[in-house]
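Heads up: the structure comes next, in structure tokens.
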Amino acid sequence: MEMNSIPMVVRGCRLHPTQDVLLMPEGTLELNGPSRDVLTRVDGNRDVAAIVQELLQEYEGAEEAEIRTDVLALLQDLKDRGVLRERT
């Protein structure tokens, strides 16, 4: 996953409307920390850079490098688990 990648949630997966979990055909994945805030922005239109910028506005005082690193790591992990893919 790169800063110009456009992540998408794969078919069959979605955020639970009230709980911090991602619903998947295999079960659920508990979301920790700001993971839900990241995933609510994964819409198949925003690139990773736009997601990072929005999070910087929401989390005033946070270091951009730290948010960028954390977002890229989360999205790559979810891609590796088959929950996300990159729009082509």
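Here are the numbers:
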read-out: Within a Gaussian network of the chain (alpha carbon springs, distance under 10 Å), most fluctuating of A73, A50, A65; value: A65
read-out: For L84, residues with placed amide H under 5 Å, excluding near neighbours; value: V10, K79
read-out: Whole-number percent relative contact order across the chain, with pairs defined as alpha carbons under 8 Å at least 6 apart; value: 41 percent
read-out: Cβ-Cβ FRET estimate between R11 and E63, R0 fixed at 30 Å, reported to 0.05; value: 0.30
read-out: Karplus 3J(HN,Hα) series, Hz, for segment 23-33 with 6.51 cos²θ - 1.76 cosθ + 1.60 (x for Gly, Pro); value: 7, 9, x, 7, x, 10, 10, 6, 9, 10, x
read-out: Compactness of the chain, expressed as Rg and Dmax over alpha-carbon positions, Å; value: 12.3, 37
read-out: Between 0 and 90°, nearest 10: helix 48-58 axis offset from the chain longest Cα axis; value: 70 degrees
read-out: Summed residue charge, Cβ within 13 Å of V83's Cβ, Lys/Arg positive, Asp/Glu negative; value: 0
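Just so you know, all these numbers are worked out from the coordinates, no wet-lab data involved. The model shown is predicted, which means the values in this text are computed figures rather than measured ones. Methodologically, a virtual Cβ is constructed for each residue, glycine included, from the backbone with ideal geometry; neighbour enumeration extends over all protein chains shown.
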